[in-house]
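The values are calculated or read from the model by the stated rules, or taken from the named source; none is laboratory data. Here the structure is a predicted model, which is why all the values come from computation and not from measurement. Cβ placement follows ideal geometry from the backbone for every residue including glycine, while neighbour counts extend to all protein chains displayed. Side chains included, ligands, DNA and RNA excluded: accessible areas come from the protein's heavy atoms. Shrake-Rupley method; radii C 1.70, N 1.55, O 1.52, S 1.80 Å.
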Amino acid sequence: MARINLDHIRHAYGIRPTAPQDYALREVHHEWADGGAYALLGPSGCGKTTLLNIISGLVRPSEGHILFDGQDVTHLPTEARNIAQVFQFPVVYDTMTVYDNLAFPLRNRGVPEDLVATRVKNILEMLELSDRADKKARGLTADQKQKISLGRGLVRSDVNAILFDEPLTVIDPHLKWVLRSQLKSLHRHSRFTMVYVTHDQTEALTFADKVVVMYEGQIVQIGTPEELFEKPKHTFVGYFIGSPGMNVFPIALEGRKARLGDAAIDLGFAPKVAAGQKTELGIRPEFMEIGKKGLPVSIRKVEDIGRQKIVRGDVAGQAVSIVMKEGAEIPSEPRVSFQGKGINIYADSWRVGQEA
Ligand code: ATP
C-alpha cells in the first residue's frame, strides 16, 4: 500500500498547449493517504480517466511528478508500479477456468500454490462465484466476467494501489449495490489504497472515505460526503452533488448582508470578496422553507417523491427547487425563507468562508 503524491501534475494531449482549456488536467497537486479509499467523481470529459492513467503509468504527464511513498515513479512503466487495475469492461482469459483466471496474477509472481488457493477461495466467496470455480470463463455472462476482473484486481495483497475505472458499468443494478458494499468492507479490512473512477454520485458517496470532485480538468474539492453536501467549495460541487442540486442566486454583498431581490439576508459575517468578483449565494433545497415569511415564491410544479415533496418554482426571477416534508402545507401566498446554516457565499464560483 502506498501514499500517493500528485506533484503539480498537468497534462495536455495536444502539442504546445497555452491556454488553460488546452489541458485535459490543469493543475493537480495533492497527497492521497496510504490506505485511503478515494472516488474520482465528475461529468464526462472532466479528466478522471486521464488522472487515473497518470497514476497507473498508461499516460505520462506533460508536467509534474507522481510519487508512491515518496519514490518518484513518473518515468516508470505500469508493470514497474506494482498496482492492480480494474477496467470498465471485463479482461478475462476465456479459455481458462474462473479459478485459474483469479489465480493468474498470483502465479505470475511465483506465489506458492497453498497461498494462491487461500486467496482465490476468499475472492470466490466474496464474489459469490465459488460454484463456478471450475467452469471455463467463456460461458459466463458479461457481469460474471466483470466480477472475475474485479477479483483479479483484488486478489494480490502486495500492491501499492488498486485502481478502478467505472468497474460496475456492466453489472446489473441489484448486484451493483451488493458489490459496492463488498468493496467497501474489503477496503475496511485490507486498507488497500483504492482509487475509483465514476460519474455516479451514489457510487462515489457509498464507496469512498474521500470523494474527489473534478470539473473541467481541475479537482474542485476533496471531501467526505458530508463536507461536499454542507460546504461545497465550488458552485459546481453544489450543483453536481445532491438531487436536486444546490440553488445558486446572484447577490450583491453589503457588509454582513446579502441583497437578493427585495430581501437583505443577514449572513452573520462579512464575506471578503475582491472588487469585480461575481458574488452568489448557494443554498440546498433542504435548507429552504415554504411558509408565510421571506421572499415570494411562484410555484410551477410539486413532485411527490414519497416522504418528501420537491417544489419547483421561481424566487426573485430565478428557478429554484425546494424540498418539503410530505405533509407540509403550502399557504395561498407562499413565501420562502432560508435557514442560516445552509447558506454558502461564493465569489467567482469559489466558496468564501467565515474563516476566509
Ligand atoms: P469519461 O467519463 O467520459 O470517461 P473523463 O472524465 O474520464 O471522461 P478523460 O477521458 O480523462 O475524461 O478526458 C479528459 C479530456 O481529454 C477530454 O476532453 C477528452 O476528450 C480528452 N482526451 C482524453 N483522452 C484523449 C486522447 N487520447 N487524445 C486526445 N484527447 C483525449
Given Gly261, Thr50, Leu127, which one lies farthest toward the positive end of the charge dipole of the chain, if we put +1 on the Cβ of every Lys and Arg and -1 on the Cβ of every Asp and Glu?
-> Gly261
Under unit Cβ charges (Lys, Arg +1; Asp, Glu -1), what dipole magnitude, rounded to 20 debye, does the chain have relative to its Cα centre?
-> 240
Per-residue HN-Hα couplings for segment 132-137 [Karplus 6.51, -1.76, 1.60; θ = phi - 60°; Hz; x = Gly/Pro] = 10, 3, 8, 7, 5, 5
Efficiency by 1/(1 + (r/R0)^6): what FRET value for Gln182 and Leu76, r their Cβ-Cβ distance, R0 = 22 Å, to the nearest 0.05?
-> 0.10
Of all accessible surface on the chain at a 1.4 Å probe, what whole percent is carbon and sulfur?
-> 50
Once the Cβ-Cβ distance between Gln88 and Leu67 is put in as r, and R0 is 22 Å, what FRET efficiency do you end up with, to the nearest 0.05?
-> 0.25
Segment Leu115-Asp200, length gained on full extension (0.36 nm per residue, minus Cα span) = 27.0 nm
DSSP beta bridges in segment 4-235, what fraction antiparallel, as a percent rounded to 5?
-> 50
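At most 15 other Cβ atoms within 10 Å and a DSSP loop assignment: could you name the GluC sites (Glu not before Pro) in segment 66-139 that fit?
When the GluC sites (Glu not before Pro) of segment 66-139 are filtered for loop state and at most 15 Cβ neighbours within 10 Å, Glu128 remain.
With contacts defined as alpha carbon pairs under 8 Å and 6 or more residues apart, what's the relative contact order of segment 4-235 in percent?
Computed over segment 4-235, the figure is 29 percent.
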Once you have the Cα-Cα distance between Lys341 and Ser130, take 0.36 nm times their residue separation minus that, and quote the gain in nm to one decimal.
-> 70.9 nm
Amide N of segment 142-158 lying under 16 Å from the label point, which is placed 7 angstrom from the Cα of Arg191 along Cα→Cβ = 157-158
Residue-ordered couplings for segment 99-104, obtained by feeding phi - 60° into the Karplus form 6.51 cos²θ - 1.76 cosθ + 1.60 and rounding to whole Hz (Gly and Pro as x), are 4, 5, 4, 6, 6, 3
Cβ-defined net charge surrounding Asn344, 11 Å radius [Lys, Arg +1; Asp, Glu -1] | +3
Cα axis of helix 113-126 to longest principal axis of the chain: angle in degrees, 0 to 90, nearest 10?
-> 30
How high is the FRET efficiency between Gln354 and Ala264 when r is their beta carbon distance and R₀ equals 22 Å, given to the nearest 0.05?
-> 0.75
May I ask for the distance between the Cα centers of segment 1-79 and segment 208-262, given as a whole number of Å?
-> 24
Dipole magnitude of segment 295-335, debye to nearest 20 (Cβ charges: Lys/Arg +1, Asp/Glu -1, about Cα centre) | 100
So what is the 222 nm mean residue ellipticity for the chain from helices alone, if each DSSP H run of at least 4 adds -39500 (n - 2.57) and you divide by all residues, rounding to the nearest 500 deg cm²/dmol?
-> -7000 deg cm²/dmol
Separation between the Asn108 and Lys278 pseudo-spin-labels, each 7 Å from Cα along Cα→Cβ, expressed in nm?
-> 4.7
Using a 1.4 angstrom probe, figure out how much accessible area the chain has per residue, in square angstrom, rounded to the nearest whole.
-> 48
Pairing the Cα long axis of helix 173-190 with the longest principal axis of the chain, what angle in degrees results, from 0 to 90 and rounded to the nearest 10?
-> 70
